[in-house]
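Everything below concerns the one structure shown next.
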Amino acid sequence: MAHIGIDLGTTNSLVSVFEGGGPRPIANRLGGFLTPSVVGFDGRKLYTGESALARKVAHPEEVAGAFKRTMGTEKTYKLGGKKFTSVELSAAILQSLKEDAEQDLQERVVDVVISVPAYFNETQRNCVASAARMADLNPVRLINEPTAAALAYGLQDLEEESCFLVFDLGGGTFDVSVLEVFEGVMEVRATSGDAFLGGEDFTSLLARKLYEELPEDQQTEANRVPLAKVADEAKHALSKQPQAEINVDRPGLTLSTQITREEFELLCEPLLARLRRPMERVLYDAKLKPDDLEKVVLVGGATRMPVIRTMLAKTLRHFPDAHIDPDYAVALGASVQAGLVGKNQALKDVVMTDVTAHSLGIETVRKIGNRHLDGYFLPIIERNTVIPVSREEIVHPIHPQQDHIEVTVYQGEAPDVKSNVKLGRLKVDLPRAKSGEHESVSVRFTYDVSGLLDVDVTTLQDDKTSNLLIKNLAGDMSASQIEATRKKLAKLKTHPRDEEINVLMRARIEQCFAMARLDQRAEFSDLLAQFDAVLAAQDPSDIEHFRDEVTPLLDRFEASYVL
Ligand code: AMP
C-alpha cells in the first residue's frame, strides 16, 4: 500500500508519496505540484485548485480560499447559493489530491498522513480528520507541520540530542517552531508566529511604492490589482537577480521603472522586524540561545527571498538549510511519516507533544505606593507549556474584611487584562476572616488539547472549591465529550509535589542525604532545594527532566553505599 502524505496548506496543498526509500511529490492533473487551496461552486458544479482560482476574478462570490484559517469555527461560506463549512471545502481539496495520487500511482489511496499547524487544538485537528473521512480517506496520523518539515530534512536521524528551528513563511502566515530530537523522539518545544504576516505583505509593500510612483491621474483603485501582480513578479525576480525592471503599458496605466534588491530590502525592514519578534519569543520559551540550535530549516515559498536568509543568518548565527524545496518540505515529511507508520515498529517513530499557543491567567490587583490598581494579568499557564497541564497559584484578597473574591479569566500575552481576551468570571465567597487575617485562595487551571479549561478556586481556610468550566477555547463539544474530558482533566489536578513518583523521588534524595558523609551532604541538600523549586514551578517536562537527570546519580550513590 502506498505511503501518502498531504500538506493541506492555507494557500496551496500538495500530496507526496514515500517510495524507494524516499519521498516524492505527486503532480496534479495539470502537471503542477502545488494545488491552490481554493474551492468554487456555481450552483451546479464544484471547482477545486487552479480551476477554482481562475474563476475568482469573474465570479468572486462563488469562490472561497484560505478556509484553513477558520477551521474549528462556525463560519460558513456561501457559494453559488449553498453554504459550505471549512471542513467541507477542505474535503473537496483532499478529494482532488486523492484522485491525483490515484492517477499517478494507479492504485486506490485510502491511508494518509495529513499535516496540521503545531498550534491547532484538538477541535481543529478533529475537523481536519473529518474532512479526510469526507473525502474517503483514512487519516492514520496527523503530524505537526514543523515536525513534518524536520522529517523531510531527515533530522530524526540525528544521533545527538539536538534542537533546531523551523522557520515557515507562507503567503499569509508565519510560524516559527523549536523542535528537539532525542533518541529518535521528536518534540515541538515551542511555537510562535504571526497569523497575519506572509509573503503577500512583501508584495503589498512593493505594490504601494509603485502606486505612489504613478502620476496622480493614474492613482486609481482600478490600478491596484494589476500593480499587485506586477509587484509580485518583481518580488520573485529579485529573489534571483539584483535588479528588476518594471514595465507596464496598458490603457490608463503606464509605468517604467526599476528596483534594486537593496531598495526592496530596505522597504521590507518593518516586516523583518515583525518576523524577528516571534523568533526571539520562541527561543525564550524553549529556554535556548541561538548557539544551542543545531540547524535552521526553511519552509514556505516566501523564504526564497534572499533577505529572509540573511536576516536569519544574522539573527540566529546559522545559515539556514534550504536544500529541500520550501514549498514541498511539509508534504514530503508527511509522507516520510506515512512510511514510518507503514513500517510500524521497524523504524523509529516520532512522538509529538502539544503546547499551549497562548497564556491563560487571571486579573490581579497590584499595590503601588498605597494605591491599589486593578487590571493586571497574572499568567497561570504560560504559552508554550506542554499540555496536558494543571497549575495552581495562591492569591490573596486585598482587604482583610473582604467577603468575596472575583476571579476573571483571560487569555493573551499583554500585561494588562484589557488587551487580552476575557474568557469567564467566577465569584467566590470567602469564609469569615479571623481577626485581621487575609484569607487566601488557590486558583487552579487544568487544560489539555481539547481546549476545555477547568478552573478551580479553593478557599484555603475551609478547603471549599468552586468550579468554572470554560468552553470558549474548545469549539463544539457535545455534553458527553465534555464530561469525558473533565474526567481526564480531574486526574491531572494533583500538585506535582503530591504525585507518587515525586514523593518517592524526594524521599530518595532525603534518604541519600541521611546516608551521606558530612562532606557529601551539601550536594543532596542542593538537589532537594532544586527539586522543590522545579516542583513549585509545576512544569511537567522540567520535573520529568529533573528526575531523569538525578535518578542515575541516586542509583550510583545507593549502589556504592550498599557495597
Ligand atoms: P506558500 O503559501 O508557502 O506557497 O508561499 C507563497 C508565498 O511565497 C507567496 O507570497 C509567494 O509570492 C512567495 N514566493 C514564492 N516564490 C517566491 C520567490 N522566488 N521569491 C519571493 N517570494 C516567493
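The values are calculated or read from the model by the stated rules, or taken from the named source; none is laboratory data. Only a predicted model underlies this, so the values are computations on that prediction, with no experimental measurement involved. Cβ sites come from the backbone with ideal geometry, for glycine too, and all protein chains shown count toward neighbours. Side chains are part of the model used for accessible areas, which takes the heavy atoms of the whole protein and leaves out ligands, DNA and RNA. Shrake-Rupley method; radii C 1.70, N 1.55, O 1.52, S 1.80 Å.
Ellipsoid semi-axes for segment 360-492, based on the Cα gyration tensor and the rule √(5λ), read 27, 18, 12 Å when sorted largest first. For segment 388-541, the relative contact order is 20 percent, taking Cα pairs closer than 8 Å that sit 6 or more residues apart in sequence and dividing their mean separation by the residue count. Accessible surface calculations at 1.4 Å, restricted to protein heavy atoms, place the chain at 49 Å² per residue. With each label modelled as a point 7 angstrom along the Cα→C-beta vector, the Glu233-Leu518 pair spans 8.7 nm. Give me the percent of Cα-Cα pairs in the chain that sit more than 31 Å apart, rounded to a whole number. Value for the chain: 58 percent of Cα pairs lie more than 31 Å apart. Eigenvalues of the alpha-carbon gyration tensor of segment 199-269, scaled by 5 and square-rooted, set the equivalent ellipsoid semi-axes at 20, 12, 10 angstrom, largest first. Of all lysines in the structure, those lying under 18 Å Cα to Cα from Lys82, and not within fewer than 8 positions of it along the same chain, are Lys45, Lys56. Considering the dipole of the chain built from charges on the beta carbon (Lys and Arg +1, Asp and Glu -1) around the Cα centre, which of Val365, Leu155, Ala334 is farthest to its positive end? My answer, from the dipole projection, is Val365.
Accessible area of segment 199-269 with a 1.4 Å probe: how many percent of it is carbon plus sulfur? Reported share for carbon and sulfur atoms: 49 percent. With a simple spin-label model that places each label point 7 Å from the Cα along the Cα-to-Cβ direction, the separation between Asp136 and Ser162 comes to 4.3 nm.
What percentage of all Cα-Cα pairs in segment 96-157 are separated by more than 13 Å? Of all Cα-Cα pairs in segment 96-157, 66 percent lie more than 13 Å apart. Just so you know, the Cα atoms of segment 56-101 work out to an Rg and Dmax of 11.3, 31 Å. Computed per residue of the chain from DSSP H runs no shorter than four, each worth -39500 (n - 2.57), the mean residue ellipticity at 222 nm is -11500 deg cm²/dmol.
Working note: Cα atoms of segment 498-559, range along each principal axis, descending, whole Å: 32, 20, 18. Here segment 1-135 has 52 percent of its accessible surface on carbon and sulfur atoms, given a 1.4 Å probe and all protein chains in place.
Overall dimensions of segment 25-127, expressed as equivalent-ellipsoid semi-axes from the Cα gyration tensor (√(5λ), whole Å, largest first), are 22, 20, 11.
Cross-link pairs exceeding 28 Å in C-alpha to C-alpha distance, out of Lys471/Lys493; Lys240/Lys287; Lys289/Lys493, comprise Lys240/Lys287; Lys289/Lys493. Under the criterion of Cα pairs below 8 Å and six or more residues apart, the relative contact order for the chain equals 12 percent.
As a calculated quantity, the FRET efficiency between Glu74 and Ala479 at R0 = 22 Å, using C-beta atoms, amounts to about 0.75.
Using a cutoff of 8 angstrom between alpha carbon atoms and counting only pairs six or more residues apart, the relative contact order for segment 199-269 works out to 29 percent.
For the residues Arg281, Arg444, a 1.4 Å probe over the protein chains yields an accessible-area ranking, largest first, of Arg281, Arg444. When the residues Lys464, Lys491 are ordered by accessible surface, computed with a 1.4 Å probe over the protein chains alone, the sequence from largest down reads Lys491, Lys464. Coupling constants for segment 181-198 follow from the phi torsions by the Karplus curve (6.51 cos²θ - 1.76 cosθ + 1.60, θ = phi - 60°), and in residue order they are 10, 8, 6, x, 9, 10, 10, 7, 7, 7, 9, 7, x, 8, 6, 10, 9, x Hz; glycine and proline get x.
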